[in-house]
Amino acid sequence: MLVLSRKKGESIVINDHIEITVLGVEGDTVRIGVSAPKHIDIFRKEVYDSIQEANRDSVSPAEADIEALMRLVRDSQQK
């Protein structure tokens, strides 16, 4: 992990296309602004993690669905 110190109004640039600017600091809270091309998705980490979990859940078959499929296969083989 790269660790940088920035003051209010200062920025960092990532890969020529993404600029992160410190907008303000109030107590333990740092406000940042992110400028990036529209095709780049930007999420808060907790939102990103939630999206990733939902994606994993959507491609993982439920145990009940697997059992139902296995019953269908067994039934079709017995006929």
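Structure summary
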{"item": "Elements of type strands (runs of 3 or more DSSP E) in region 1-56, at least 2 residues being surrounded by fewer than 10 Cβ atoms within 10 Å (Cβ to Cβ)", "result": "none"}
{"item": "Residues that are of a type in the set (S, T, Y) and part of a helix (DSSP H, G or I), drawn from region 57-79", "result": "S58, S76"}
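Residues are listed down the side, and each one gets a yes or a no for (1) modelled with pLDDT under 90; (2) over 30 Å from V3 (Cβ atoms); (3) assigned by TED's automatic domain parsing to the domain that holds R6; (4) under 15 Å from the mean Cα position of the chain (by Cα):
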| position | (1), (2), (3), (4) |
| --- | --- |
| H17 | no, no, yes, no |
| V22 | no, no, yes, no |
| E26 | no, no, yes, no |
| G33 | no, no, yes, no |
| A36 | no, no, yes, no |
| S50 | no, no, no, yes |
| V59 | yes, yes, no, no |
| E63 | yes, yes, no, no |
| A68 | yes, yes, no, no |
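The values are calculated or read from the model by the stated rules, or taken from the named source; none is laboratory data. Fair warning: this is a prediction, and the values are worked out from it, not measured in the lab. Positions of Cβ are backbone-derived with ideal geometry, glycine not excepted, and every protein chain shown enters the neighbour counts.
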